[in-house]
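Notes to accompany the following structure.
Any read-out appearing in this document is the output of simple, stated calculations on the displayed coordinates, not a laboratory observation. These numbers were taken from a predicted model, which means no experiment stands behind them. All Cβ positions, even for glycine, are placed from backbone atoms using ideal geometry, and neighbour counts span all protein chains on display.
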Amino acid sequence: MTLKHFLQFRDLAHDELAYLFERTAVIKDRFKRYEPYHPLADRTLVMIFEKASTRTRLSFEAGMHQLGGAAIYLNTRDSQLGRGEPVEDAAQVISRMCDLVMIRTFEQDIIERFAANSRVPVINGLTNEYHPCQILADIFTFIEHRGSIAGKTVTWIGDSNNVCNTWLQAAEVLGFNVHVSTPPGYEVEPERAGLFGTAHFEQFADPIDACRGAHLVTTDVWTSMGFEAENAERAKAFANWRVDADMMKVAAPDALFMHCLPAHRGEEVTAEVIDGPQSVVWDEAENRLHAQKALMEYLLLGRLAS
Ligand code: CP
Ligand code: NVA
């Protein structure tokens, strides 16, 4: 197997994503039928967290266990990683003792440097710039509910953050459109989002306009991890960028609502929307498990016939 990392969404080509979405469905079905499936027996995943997590840690740890392997949790507080050991040295050592690494960290540059010195595949479990595993699960969730996402319109309301950037990359690879509405001063930066161009997204000043005709409306917290010092300033700037029933009303009649979670009801989304009939947030969260199992299997074993 050639060494393959998943550091940003576009690291996977269209045909690899198509395979992964099919594979996710197979793996999910086996899990639902309590069918043991241990293709990663004796393999070890190391998970490095420099930021908090519930879903990412749980889905990777449970997923690796369910595939027959083991997962080890490291964080910055209790390891030498927080005491200034160069990331290149840490990568050399850690990747000699395991088969796969997942990292949640700050700048994308950190994970890129780790991967450049790793003997095993590295997966991005969230950086300031990207959250590719989240969008893998989100698009699988869209496909489960509505079929192919190609040609559809996804509306992003709020901060042009790591999750937004990843939706934009996914739109380029999979051929759908993203309508983005952010407060002034928080617009998408195509270069930071790692985009090839601007053909797949449009920015709207008014969030209602961004939602018109959308097949999926999605949002995220106003303040991401690592930006807490900007909390008060952001709360003011984002006050009109709350997904509510009026926004869902102008979207397509069968539009879905997604949120990567954790959510703040009354801030970026009303309780009526996130707890309402168009919301698929619990499926979305569960699908992190299934999609990442397919991803880990693919990075370690390649394409499997059944
Ligand atoms: N959506 C997501 O990545 O959640 P956690 O921060 O809980 O991992
Ligand atoms: N944008 C959020 C996502 C959390 C899963 C953050 O980076 O904190």
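For this structure, a couple of remarks:
- Rounded to the nearest 20 debye, the dipole magnitude of the range 71-134 is 200 debye, with +1 charges on Lys and Arg beta carbons, -1 on Asp and Glu beta carbons, and the Cα centre as origin.
- All distinct Cα pairs of the chain go into the 1/r average, and the inverse of that average, the Kirkwood radius, is 19.7 Å.
- Whether the range 221-295 is rounded, prolate or oblate, judged on the alpha carbon gyration tensor where a/c under 1.5 counts as rounded: oblate
- Signed unit charges on C-beta, dipole axis of the chain, positive-most listed residue 111, 298, 76: 298
- Rough spin-label spacing in nm, given labels placed 7 Å along Cα→Cβ, for residue 143 and residue 92: 4.0 nm
- Using only side-chain charges placed at the Cβ, +1 for Lys and Arg and -1 for Asp and Glu, the dipole size of the chain relative to its Cα centre rounds to 900 debye.
- Estimated inter-spin distance, residue 228 and residue 265, nm [label 7 Å along Cα→Cβ]: 2.4 nm
- Rg to Rh quotient for the range 1-160, alpha carbon positions, Kirkwood Rh: 0.97
- Alpha-carbon gyration tensor eigenvalues x 5, square-rooted, for the range 128-269, Å: 21, 17, 14
- Peptides 121-133, 56-68 ordered by packing proxy, namely the average of other Cβ atoms within 10 Å per residue, highest first: 121-133, 56-68.
- Point-to-point label distance, residue 250-residue 16, nm (Cα→Cβ direction, 7 Å offset): 3.8 nm
- Nonlocal Lys pairs with alpha-carbon distance under 24 Å, the chain (8 or more apart, or different chains): 6
- Across the chain, C-alpha contacts under 8 Å between residues 6 or more apart give a mean separation that, scaled by the residue count, equals a relative contact order of 20 percent.
- Additional length obtainable on full extension of the chain from residue 239 to residue 272, 0.36 nm per residue less Cα span: 10.2 nm
- In the chain, helical runs assigned H by DSSP with n ≥ 4 each contribute -39500 (n - 2.57); averaged across all residues and rounded to the nearest 500, the mean residue ellipticity at 222 nm is -11500 deg cm²/dmol.
- Gained length - residue 65 relative to residue 80, 0.36 nm times residue gap less alpha-carbon distance: 2.8 nm
- The Cα center of the range 66-144 and the Cα center of the range 240-302 differ in position by 23 Å.
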